[in-house]
Amino acid sequence: MTQSNIIGLVALVLGTVLLFFAWRGTNTPVDQMTEAMTGRFSGDTMWFMIAGLVCVVAGGALLMRGLLRN
């Protein structure tokens, strides 16, 4: 396994964990109330979503790049 594949796998797992925490955060009563009042989730939840998506996309791209080079 190349270094690119390892970094991609770690980023993919990290992104999945961050998205899980974002999903759990959206189900809290405080965040649901904030979303109902403002139409948006809280700042922390949004950062978890954004960081999770970036990590998943970057990790997937690194894994695909590593697989295509072999």
Label-point separation, Ala51 to Ala36 (7 Å along Cα→Cβ), nm: 2.8
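Considering only protein heavy atoms, what per residue accessible area in square angstrom results for the chain with a 1.4 angstrom probe? Walk me through the numbers before you get to the answer.
Numbers: 5110 Å² over 70 residues.
So the chain comes to 73 Å² accessible per residue, rounded to a whole number.
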Correct option for Cα extents along the principal axes in Å [calculated from the coordinates] among (i) 51, 15, 12; (ii) 27, 22, 20; (iii) 44, 19, 15: (i)
GNM top mover of Gly59, Gly15, Gly39 - the chain, alpha-carbon springs below 10 Å: Gly39
Helix runs (DSSP H) in the chain reaching 30 Å along axis by Cα, Kyte-Doolittle at least -1.0: 3-26, 43-69
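The values are calculated or read from the model by the stated rules, or taken from the named source; none is laboratory data. Nothing here was measured: the structure is a model prediction, and the numbers come from that model. As a convention, Cβ positions derive from the backbone with ideal geometry for all residues, glycine included, and neighbour counts pool all protein chains shown. Surface areas here come from the heavy atoms of the whole protein model, side chains and all, with no ligands, DNA or RNA. Shrake-Rupley method; radii C 1.70, N 1.55, O 1.52, S 1.80 Å.
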